[in-house]
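The values are calculated or read from the model by the stated rules, or taken from the named source; none is laboratory data. Nothing here was measured: the structure is a model prediction, and the numbers come from that model. Cβ coordinates were reconstructed from backbone atoms using ideal geometry, including for glycine residues, and neighbour counts include every protein chain displayed.
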Amino acid sequence: MTQTLSTPAEKEIYSNLLIPKHVAIIMDGNRRYAKKESINVEEGHIAGAKNLLKITECAVSLGIKFLTVFAFSTENWLRSDPEIQSLFHIFELYLTKMRPLLIENGIKLSTIGDLGPLPLTLKTLLFEVKMATKDGSCLELILAINYGGRDDMTRAVKAITKDVVDNKINQDNITEELIGKYLYTKDWSDPDLLIRTSGEQRLSNFLLWQISYTEIYIAKTLWPEFTVDNFKEAINSYQSRNKRLGV
């Protein structure tokens, strides 16, 4: 990966500012980009995958510790089977391509979501890349695959209910903190900043519990065209806000 903070002055500016520890991204606009550029949908998704490499590189250089990206939602199963299979193929292609880069740059790969329904080849590759990058300490890249916020909470409710019935926990001891421990995201702090590209102003069932106090940044740019400079603009916007946590 190449350096994305190009000058010593820029590095100094960002080192002295509040950098969000955890950034989440809804990478929206691949299909609209394909239509705009008169290319097929698969090429649009490939362009989006390439762009993730650039944004991940920038996140490392800025000192961000966790980057969670919405790669495949529980609702994406409603798309055509050819498009779904194309997406899985692209995941495998870019996971293979990214593995040496992740290791070289100290990036740990993790996932959230139900991996069960995914193709065996993709599940195997995800496991292999996770193991190969498990010691990465510069950035944790968290892919949300077959993930939905409502599904996340539904699974948590079922697990909590079972533990109450099994007398593992007392109903009176159920707190927000306890619920958080039953979610896919139990190992990470809540996102400080959520970025959505393509101009859509909705959450699309992404991290519904976790973003209660997350700052939200809407970029009109389609994901494949979302540049490193656009990413820095989102970080700058976050830094300029007064986060009052409900006060």
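Summary of values
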quantity: Complete set of residues in the stretch 51-72 that are under 11 Å from the mean Cα position of the chain (by Cα) and of a type in the set (Gly, Ala, Ser); calculated: ALA71
quantity: Flag for GLN201 being surrounded by fewer than 16 Cβ atoms within 10 Å (Cβ to Cβ), polar (S, T, N, Q) and in contact (Cβ under 8 Å) with a residue 12 or more places away in the chain; calculated: yes
quantity: Failed item in (1) at pLDDT 95 or above; (2) within 24 Å of PRO191 (Cβ to Cβ); (3) part of a helix (DSSP H, G or I), with ALA47 passing the rest; calculated: (2)
quantity: Filtered residue count, the stretch 178-223, keeping only those that are of a type outside the set (Val, Ile, Thr), part of a loop (DSSP other than H, G, I, E, B) and closer than 15 Å to ASP152 by Cβ; calculated: 18
quantity: Scope the stretch 81-106; condition of a type in the set (Lys, Arg) and surrounded by fewer than 16 Cβ atoms within 10 Å (Cβ to Cβ); matching residues; calculated: LYS97
quantity: Restricting the stretch 30-51 to residues that are farther than 19 Å from ASN76 by Cα and either in contact (Cβ under 8 Å) with a residue 40 or more places away in the chain or of a type outside the set (D, E, K, R) (or both), the residue that is surrounded by the most Cβ atoms within 10 Å (Cβ to Cβ); calculated: ASN51
quantity: Selection count where residues are surrounded by fewer than 16 Cβ atoms within 10 Å (Cβ to Cβ) and either within 30 Å of LEU18 (Cα to Cα) or without any contact (Cβ under 8 Å) to a residue 60 or more places away in the chain (or both), scope the stretch 64-76; calculated: 0
